[in-house]
Amino acid sequence: MNRDSVADLAGSNGSNVAKKGVFWNAIGILTRQFFLVVSSILLARILGPESYAIVALAGVYTAFATLLLDQGLTSPLISKKEITRNFVGAATTLNILSAIAIALLTVALAPIAGRALGVPALEPVLCLFAVALPLKALSIAPRAILARSVNFKIQAIIDVVSSIIGGIVLIISIMATGNYWSFVYQVIAVDACVALGLILSVKPPLPNFRLNLLSDSFMYGGRVLISNLLSYGVQNVDNILVGRYLGPVELSYYSVAYRLVTTPVQLVGQIVSRVLFPVTARYHNQNKPVDGLVGRVILITSSVMLPSMAFIAVSAQDLVQAVLGADWSSAALTLAIFAIAGARQTITTLNSPVLMGIDRTDILLKFSMLAASVQVSAIVFGLQWGINGVAVCYTTAGFILTPLIMRIQKRTIGLSYRRQMAAVLPGLHCAFWVVVAYLVLGWVTNFGPYITLLTGLILCLLSAVLVLWACHRSSIGSEFETALKLRKRRSLNNGAASDSDSGGAI
């Protein structure tokens, strides 16, 4: 082993850590997304459609800045067979320099962006976010080191504590100001806590200027970065176009509907993808087939998310009334349309971590370029029919691209069309009966939105569980049984190997 290699910055990389990775990853993401949903709903109720557009546009900026800061270096930090301390330090230096450059550019362009979008109050918000960008930059390398070792326990603890502190800051800020600045203070507080926690826990190498060490990773990382930027553009250009051409109020309706759907989608996507990528990379480095792993992930993910998205779609009117209030009723139809898009997206987004894990970023980049052109064109075309037209065209474009994603999975990892369809069948079956159950409930009762939503949730959950147990017990059960056998076998192998393992590179 190279004496300069990064071996145990993240702690033990034994079987015990790997087995608990998914659990701790889920805890961290669940907590973070819970506070995100609560804060979004709270701000939407307090600010109303007229002012919430500032929060929506500020969120677009923070996501874009985070992608640029990454420079595509997180992926090689996770997937390379061996990394050195100098490599990590150089990556940190590049992240910090990028943060400074993006901050200066943001301050210069913020007035133009505010005027172009018709939201002058956006300028000071962007400037304050720009000043805080180095906090995000300092978190990138330590988080990648933890992900590399499939050690999500430290990340989860830091995310939970940071989310709680951010929630406290939000509440205090709302009580003090009652405006959109509460969101700004919350985000900065969370970023500061995350950066401090990761640095103290991981103790990463100090920054250095040996940037030449990164040269071999720029091709791989550059493809990932461009793919992520294209994906980001597809997911956020609609917010910019809606705000620019349909106005801030329509943007608020659109953004709230989109966020209510994407929060559970991202929740499951992050839980699965953050583990699927490093595990797939390990399988690939060890020349193991990954089609069985990906098939099981699709089956379990679709069995959970397709019924969930069906419930959001069928209950959209009651959901908006109960959660956001009557002022947001115009967002209900948009929410229902996006829920259909979300059902597809929860499954197809697994394509990216798999392609990165098997080192096929060339295919990922080509597909991202095609997907971006198709979906952006659809969004622009849909503007003429308002926010619902945009949502319909965006959803349609996603379904048009789905057969290509299935073909990519077949050609790259050998997952046949039949197995892909079989993996989503239980989820589709459950989703059908969820819709039927909620519609029947609305037809035979006349409850208000709160009672209908709560009763419908319980009824739909029971319907989904009953369908899985009655019709798909064998397929779901066999997948879990196979996963448990593989887990036990891997644990025994790792236990036998640990006696002679001196703890090589992460």
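The values are calculated or read from the model by the stated rules, or taken from the named source; none is laboratory data. From a predicted model like this one, the values you see are computed outputs, not experimental measurements. Methodologically, a virtual Cβ is constructed for each residue, glycine included, from the backbone with ideal geometry; neighbour enumeration extends over all protein chains shown. In case anyone asks, the SASA skips ligands and DNA or RNA and just uses the protein heavy atoms, side chains included. Shrake-Rupley method; radii C 1.70, N 1.55, O 1.52, S 1.80 Å.
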Hits in region 323-366 (condition: under 26 Å from I78 (Cβ atoms), free of Cβ contacts under 8 Å to residues at least 60 places away in the same chain and over 16 Å from the mean Cα position of the chain (by Cα)):
L355, R360, I363, K366
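Suppose we keep only residues that are among the aliphatic types (A, V, I, L, M) and in contact with a Cys (Cβ under 8 Å, 6 or more places away or on another chain) within region 91-141. Which one would you say is farthest from F218 (Cα to Cα)? Lay out the reasoning, then the answer.
Of all residues in region 91-141, those among the aliphatic types (A, V, I, L, M) come to 91, 94, 96-97, 99-105, 107-110, 112-113, 116-117, 119, 121-122, 125-126, 128, 130-133, 135, 137-138, 140-141.
Among the residues that remain, those that are also in contact with a Cys (Cβ under 8 Å, 6 or more places away or on another chain) are: 107, 110.
Details: V107: 28, A110: 29 Å.
Looking at the filtered set, the residue picked out is A110.
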Flagged in region 311-336 as in a helix (DSSP H, G or I), within 16 Å of Y450 (Cβ to Cβ) and small (G, A, S), in numbering order, are A316, A322, A326, S329, A332
List pairs: first in region 462-481 and at pLDDT 70 or above, second β-branched (V, I, T), Cβ under 7 Å, 6+ apart or cross-chain?
S463/V434; A464/V434; L468/I476
With (1) open to solvent by 50 Å² or more (accessible area, probe 1.4 Å); (2) of a type in the set (D, E, K, R); (3) modelled with pLDDT of 85 or more as the list, and E82 as the residue in question, which single condition is left unmet?
(3)
All-but-one check, I240 against (1) over 30 Å from N25 (Cβ atoms); (2) open to solvent by less than 10 Å² (accessible area, probe 1.4 Å); (3) among the β-branched types (V, I, T), failing number (2)
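For every residue, the table says whether it meets (1) open to solvent by 30 Å² or more (accessible area, probe 1.4 Å); (2) closer than 30 Å to N285 by Cβ.
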| position | (1), (2) |
| --- | --- |
| A99 | no, no |
| P120 | yes, no |
| L128 | yes, no |
| A147 | no, yes |
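Out of F87, F64, I need the residue that is assigned to a helix (DSSP H, G or I), at pLDDT below 90, open to solvent by 60 Å² or more (accessible area, probe 1.4 Å) and of a type in the set (F, W, Y). Which one? Walk me through it before giving the result.
On the way: F87 fails: open to solvent by 60 Å² or more (accessible area, probe 1.4 Å).
Only one candidate passes the filter, namely F64.
When you scan region 376-427, how many residues do you find that are touching a Lys or Arg at 6+ places or on another chain (Cβ under 7 Å) and part of a helix (DSSP H, G or I)?
Looking only at region 376-427, we keep the residues that are touching a Lys or Arg at 6+ places or on another chain (Cβ under 7 Å), and these are 398-399, 402, 412, 416-417.
Subset that is part of a helix (DSSP H, G or I): 398-399, 402, 412, 417.
So the count comes out to 5.
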Quick check on my filter: what residues within region 149-174 are part of a helix (DSSP H, G or I), open to solvent by less than 20 Å² (accessible area, probe 1.4 Å) and not small (G, A, S)?
Q155, I158, D159, L170
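Condition check ((1) closer than 28 Å to V436 by Cβ; (2) open to solvent by 50 Å² or more (accessible area, probe 1.4 Å); (3) touching a Gly at 6+ places or on another chain (Cβ under 6 Å); (4) modelled with pLDDT of 90 or more) across all residues:
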site	(1), (2), (3), (4)
Y283	no, no, no, no
Q286	no, yes, no, no
G292	no, no, no, no
D318	yes, no, no, yes
A341	yes, no, yes, yes
Q345	yes, no, no, no
Could you give every pair whose Cβ atoms fall below 6 Å, whose first residue belongs to region 212-235 and is basic (K, R), and whose second residue is part of a helix (DSSP H, G or I), counting only separations of at least 6 or pairs across chains?
R223/T361; R223/L365
